[in-house]
Amino acid sequence: MRKFVKEGSIVRTIWGRGDTILLIFAGASAEFALNSSVDWLYFTGKLPADPLGRLFSTVAYAQQIVFAEEDSALAAIDNIAAIHKGVEEKRGAVIPATAYLDVLFLLIGYSIRAFELLERPLRPEEKAEVFQVFTRVGERMRLAGLPANYPEWEERRARYLRENLVYSDFSRDLYERYRQSLGGVRYRLLLQAQVLLVPPVVRRLLGLASFPWLYPVVFFYRLCHFLHLDKGVKTLLLPPAYRAQVFRLDQ
């Protein structure tokens, strides 16, 4: 049967490796906290109760769509839309259209940035392919205002970063919950990963350090991956409660 993302696609390569997905999670967790509609993520109580689990489930769901057959992927996307519709009905308000686009944009952006950090620069046609796959998700969700192509996405992304991010009480609370869930050492590693990944405006709003000392660690991890020792490193770095989830991300 036809796959939602064709065999051999760079998107399958990016989303088939747990390490890359972890970096996508690290970048997304920063922008989630600054999203101007982050109050919607707090409405059900699931995000503040278990922020890491909630974000892991989000990226794992995205991975399932990437590797699913066409019909299964479309059904999963429809289910996402239905879940959000149910949240709107409970709250008696409509999730802003920009909130959906924001999440779609950051999935595109951090898919590219995470892969390039761990592997190599993507070619223009590969970046366009990442854009096209996630745009198909947006089209299925009937999102209005989707960019027509990758260059237009780059322009829209830059404008979003200027206009749609805000540091709020929700941001402060979410980062405190990250710290509680991860513990001191792992929390500092998360912050350093974010320094490597996020745009300057995100670093500034979150007060992240401007100099990343994690670069040597990334080089060391690449070597461990080459030597097939990366599972042991991840076992040390990951909280025990989430290790099994992360290991399952490797396709």
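For region 78-116, which positions are closer than 21 Å to residue 153 by Cα and of a type in the set (A, V, I, L, M, F, W, C)?
Residues of region 78-116 closer than 21 Å to residue 153 by Cα: 96-116.
Correct list: 97, 99, 101, 103, 104, 105, 106, 107, 108, 112, 114, 115.
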(Q) Checking the structure you have, find out if any residue of region 111-118 is in contact (Cβ under 8 Å) with a residue 24 or more places away in the chain and open to solvent by 40 Å² or more (accessible area, probe 1.4 Å). (A) yes
Q: Scan region 44-62 and report the pairs whose first residue is free of Cβ contacts under 8 Å to residues at least 60 places away in the same chain and whose second residue is crowded, with 19+ Cβ neighbours inside 10 Å and polar (S, T, N, Q), with Cβ atoms within less than 8 Å and a gap of 6+ or a chain change.
A: 55/29
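Could you run through region 138-155 and say how many residues are open to solvent by less than 50 Å² (accessible area, probe 1.4 Å) and among the charged types (D, E, K, R)?
Start the filter on region 138-155 by keeping residues that are open to solvent by less than 50 Å² (accessible area, probe 1.4 Å), which leaves 138, 141, 143, 145-147, 150, 153.
Subsequent filtering for residues that are among the charged types (D, E, K, R) retains none.
Selection size over region 138-155: 0.
Every residue, every condition in (1) more than 30 Å from residue 196 (Cβ to Cβ); (2) buried (at least 21 other Cβ atoms within 10 Å of the Cβ); (3) touching a Leu at 6+ places or on another chain (Cβ under 7 Å); (4) of a type in the set (Gly, Ala, Ser), yes or no:
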residue: 11; (1), (2), (3), (4): no, yes, no, no
residue: 53; (1), (2), (3), (4): no, no, no, yes
residue: 57; (1), (2), (3), (4): no, no, no, yes
residue: 72; (1), (2), (3), (4): yes, no, no, yes
residue: 77; (1), (2), (3), (4): yes, no, no, no
residue: 84; (1), (2), (3), (4): yes, no, no, no
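Would region 157-166 turn up any residue that is outside any helix (DSSP H, G or I), open to solvent by 50 Å² or more (accessible area, probe 1.4 Å) and either hydrophobic (A, V, I, L, M, F, W, C) or under 24 Å from residue 111 (Cβ atoms) (or both)? Let's see the steps before the verdict.
As a first pass, look at region 157-166 and keep what is outside any helix (DSSP H, G or I): 164-166.
Then drop every residue that is not open to solvent by 50 Å² or more (accessible area, probe 1.4 Å), which leaves 166.
Next, only the ones that are either hydrophobic (A, V, I, L, M, F, W, C) or under 24 Å from residue 111 (Cβ atoms) (or both) stay: 166.
Yes: region 157-166 contains one or more residues that are outside any helix (DSSP H, G or I), open to solvent by 50 Å² or more (accessible area, probe 1.4 Å) and either hydrophobic (A, V, I, L, M, F, W, C) or under 24 Å from residue 111 (Cβ atoms) (or both).
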Q.
List pairs: first residue in region 13-39 and under 14 Å from residue 191 (Cα atoms) and open to solvent by less than 10 Å² (accessible area, probe 1.4 Å), second residue part of a helix (DSSP H, G or I) and among the hydroxyl-bearing types (Ser, Thr, Tyr) anywhere in the structure, Cβ distance under 7 angstrom, at least six positions apart or on different chains.
A. 24/110; 24/111; 27/110; 28/110; 29/178; 33/171; 33/175
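State the number of residues belonging to region 192-203 that are open to solvent by 50 Å² or more (accessible area, probe 1.4 Å) and at pLDDT below 90.
Of the residues in region 192-203, the ones open to solvent by 50 Å² or more (accessible area, probe 1.4 Å) are 200, 203.
Cutting the leftovers down to at pLDDT below 90 gives us none.
Residues meeting the conditions: 0.
Any residue that is assigned to a loop (DSSP other than H, G, I, E, B), at pLDDT 90 or above and either open to solvent by less than 30 Å² (accessible area, probe 1.4 Å) or not acidic (Asp, Glu) (or both) - is there at least one of those in region 177-191? I'd like the intermediate steps shown before the answer.
In the first step, residues of region 177-191 are kept if they are assigned to a loop (DSSP other than H, G, I, E, B); the result is 183.
Now drop any that are not at pLDDT 90 or above, which leaves none.
Scanning region 177-191, I find no residue that is assigned to a loop (DSSP other than H, G, I, E, B), at pLDDT 90 or above and either open to solvent by less than 30 Å² (accessible area, probe 1.4 Å) or not acidic (Asp, Glu) (or both), so the answer is no.
Any residue that is of a type in the set (A, V, I, L, M), open to solvent by less than 10 Å² (accessible area, probe 1.4 Å), under 21 Å from residue 6 (Cα atoms) and part of a helix (DSSP H, G or I) - is there at least one of those in region 129-137?
Here is the first cut: in region 129-137, the ones of a type in the set (A, V, I, L, M) are 130, 133, 137.
In the following step, the residues that additionally are open to solvent by less than 10 Å² (accessible area, probe 1.4 Å) were identified as 130.
Of the ones still in play, those that are also under 21 Å from residue 6 (Cα atoms) are 130.
Those still in the list that are part of a helix (DSSP H, G or I) too: 130.
Among the residues of region 129-137, at least one is of a type in the set (A, V, I, L, M), open to solvent by less than 10 Å² (accessible area, probe 1.4 Å), under 21 Å from residue 6 (Cα atoms) and part of a helix (DSSP H, G or I), which makes the answer yes.
Residue by residue, here is whether (1) assigned to a loop (DSSP other than H, G, I, E, B); (2) under 26 Å from residue 178 (Cα atoms) holds:
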residue: 8; (1), (2): yes, no
residue: 12; (1), (2): no, no
residue: 22; (1), (2): no, yes
residue: 27; (1), (2): no, yes
residue: 32; (1), (2): no, yes
residue: 59; (1), (2): no, yes
residue: 83; (1), (2): no, yes
residue: 100; (1), (2): no, yes
Q) Somewhere in region 61-72, is a residue aliphatic (A, V, I, L, M) and touching a Ser or Thr at 6+ places or on another chain (Cβ under 8 Å)? A) no
Q) Within region 42-87, which residues are under 15 Å from residue 142 (Cβ atoms) and acidic (Asp, Glu)? A) 78
Q: List every residue pair whose Cβ atoms sit under 6 Å apart, with the two residues 6 or more apart in sequence or on different chains, where the first one lies in region 135-162 and is closer than 25 Å to residue 200 by Cα and the second, anywhere, is of a type in the set (Val, Ile, Thr).
A: 146/135; 161/201
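The values are calculated or read from the model by the stated rules, or taken from the named source; none is laboratory data. Keep in mind that this is a model prediction, so the values were computed, not measured. Please note: Cβ atoms are built from the backbone with ideal geometry, for glycine as well, and neighbour counts cover all protein chains shown. SASA here: full protein model, heavy atoms, side chains in, ligands and nucleic acids out. Shrake-Rupley method; radii C 1.70, N 1.55, O 1.52, S 1.80 Å.
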